[in-house]
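This report refers to the structure that appears directly beneath it.
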């Protein structure tokens, strides 16, 4: 499985439309996503799943037209393309292959998901790639790789009975070795307050190059702080000594209707020319932007307003899925 920073053919999105996911703030979330798409289209093709031709016209009014922007009539139940979309890998011959994960909306939490379950295979068909059905229920947001065989994931997702009842770690590792080419798997724990995915890795730790991982600091006022401390220890213990661990800030708490939302700076997306950084307002945004600029000196760091997007319980990484060249 290639790393996210490796050259893309393009990036795929499923346009937000579900009013159950965004009872308020949908229009603001759409405008923020449109900004990110405009930036990505400067350096790669961007595919956007829409419900219909009328829906495509609505989205185009927000994104504008661009030679690199393609609307695909591929209806979805929701917007989280990282999870319901295909995960692209290379097969043993070096050819691109799309993986379908038997998506079930994070353990059946948000029915219906019948349309989302079909998305991965249809995305693959659109770009002419074969698809392999992995035989397990999983999501792209639960996988993080350095492109050289190291995979970070969480037992709370892959081994959860709400996804794969009876699956145990050794069997899961064998599956990830076969499907993703994993050679070393690191299991992390912990989860953000308000996270409905059972602990996706793309809120907990991210590779920024083959040997560097950025992870959130365990601030004293952070809910589930012990889990973040334990993750730091696991990374230190389970990875080779030449790997670098870089600590990142947590955004200030974001609440809606009295509930803390799972805001995390780890949910950035690495495009060909830009890194889309979730921004929540305040000086911590600036600190995170400076850190990402140091870690990605060859890319422009683009803060994307996510206060409204996160009301849907995800951010820019959750909304996106890359296709390697």
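Maximal additional length on extending the residue 102-residue 58 stretch stands at 12.8 nm, based on 0.36 nm per residue less the C-alpha distance. Applying 1/(1 + (r/R0)^6) with R0 = 30 Å to the Cβ-Cβ distance of residue 298 and residue 259 gives a FRET efficiency near 0.20. For the peptides 241-248, 157-164, 307-314, the ranking by packing is 307-314, 157-164, 241-248, with the highest mean count of neighbouring Cβ atoms within 10 Å listed first. Separation of region 267-308 and region 44-102, taken as the distance between their Cα centroids, equals 22 angstrom. What the pair-distance distribution of region 8-324 shows, using all Cα-Cα distances binned every 20 Å from zero, is 34, 62, 4 percent. Could you check the simple spin-label distance between residue 109 and residue 252, using points 7 Å along Cα→Cβ, in nm with one decimal? Label-label distance for residue 109 and residue 252, simple model: 2.6 nm. Spin-label model, residue 229/residue 170: points 7 Å from Cα along the beta carbon direction are separated by 3.3 nm. Below 8 Å, C-alpha to C-alpha, sequence gap of six or more: please give me the relative contact order for the chain in percent. It comes to 22 percent, rounded to a whole number. Taking label positions 7 Å along the Cα-Cβ direction at both residue 70 and residue 19, the computed distance is 3.3 nm, reported to one decimal. Based on the alpha-carbon gyration tensor of region 120-276 and its eigenvalue square roots a ≥ b ≥ c, which shape applies: rounded if a/c is under 1.5, prolate if not and a/b is larger than b/c, or oblate? It comes out rounded by the Cα gyration axes. Packing around the peptides 57-67, 40-50, taken as the average count of other Cβ atoms within 10 Å per residue, puts them in this order, highest first: 40-50, 57-67. As a rough guide to protection, the peptides 89-102, 199-212 ranked by mean Cβ packing within 10 Å, highest first, stand as 199-212, 89-102.
D by Stokes-Einstein for region 65-184, Kirkwood Rh over Cα pairs, 10 °C, 1.306 mPa s: 105 µm²/s.
If the chain linking residue 177 and residue 148 were pulled fully straight, counting 0.36 nm for each residue of separation and taking away their Cα-Cα distance, it would gain 9.2 nm.
Values quoted throughout were computed directly from the atomic coordinates according to the rules given, and no laboratory measurement underlies them. Since this is a predicted model, take the numbers as computed values, not measurements. A quick note on method: Cβ atoms are made from the backbone with ideal geometry, for glycine too, and the neighbour counts reach across all protein chains shown.
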